[in-house]
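A short worksheet on the structure shown next.
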Amino acid sequence: MLIVADSSIFLATVLDEPEKTRIIELTRGCISYAPEILPYEIGNALSAMVKRGRLTDTEAIDAFDRYRRIPVYLVPIAVEQALTLASTFNIYAYDAYFLLCARTLKPSALDRGMRHIARQLNLVVLEVTP
């Protein structure tokens, strides 16, 4: 099965968050895709955690290294289309990139934050929380 995973899924996995086990169960044997902005979004989130004192510099770099070992295909996204989607649903462009990626590839979408919009776009959503 093809899935589009948002950055929160990768972060929860590399940071050993409580939902990590469920994420691994849901994605085992799947082929993961994400918009090509994923590494930048992961880097930004990790730097924010360092800034807030949640991670040290070394922990952030180690987490990014763990993220890079997760197989994921990065997909180019048309920013103009993402902006239209963002405007239509009153969401951030970053969220629209992931939704557009899922809509373009037509996989099941693993998306914590945008479930309701993904469903409106007729995408299948895998639930991380039981």
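The values are calculated or read from the model by the stated rules, or taken from the named source; none is laboratory data. Just so we're clear, the structure is a prediction, and the values are computed from it rather than from any experiment. Here the Cβ positions follow ideal geometry from the backbone for every residue, glycine too, while neighbour counts run over all protein chains shown.
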Given (1) at pLDDT 95 or above; (2) touching an Asp or Glu at 6+ places or on another chain (Cβ under 6 Å), D6 misses just (1)
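Identify all residues within region 33-42 that are surrounded by fewer than 19 Cβ atoms within 10 Å (Cβ to Cβ) and either among the aromatic types (F, W, Y) or under 12 Å from I70 (Cα atoms) (or both); write none if there are none. Full working, then the answer.
Residues of region 33-42 that are surrounded by fewer than 19 Cβ atoms within 10 Å (Cβ to Cβ), as a first pass: 36, 39-40.
The answer is P39, Y40.
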Could you give every pair whose Cβ atoms fall below 8 Å, whose first residue belongs to region 59-73 and is within 17 Å of M49 (Cβ to Cβ), and whose second residue is of a type in the set (F, W, Y), counting only separations of at least 6 or pairs across chains? Y67/F10
Touching a strand residue (DSSP E or B) at 6+ places or on another chain (Cβ under 6 Å), aromatic (F, W, Y) and part of a helix (DSSP H, G or I): which single residue out of Y40, Y67, Y97 fits that description? Y97
Going residue by residue through region 4-15, is there one that turns out to be among the polar types (S, T, N, Q) and part of a loop (DSSP other than H, G, I, E, B)? no
Would you confirm whether any residue within region 94-112 is surrounded by fewer than 16 Cβ atoms within 10 Å (Cβ to Cβ) and within 14 Å of the chain's Cα centre (by Cα)? no
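Is it fair to say E41 is within 30 Å of R119 (Cβ to Cβ) and modelled with pLDDT of 95 or more? Outline the logic, then answer.
Details: within 30 Å of R119 (Cβ to Cβ): yes; modelled with pLDDT of 95 or more: yes.
In short, yes.
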Checklist (1) at pLDDT 95 or above; (2) within 16 Å of the chain's Cα centre (by Cα) applied to M49, failing item: (2)
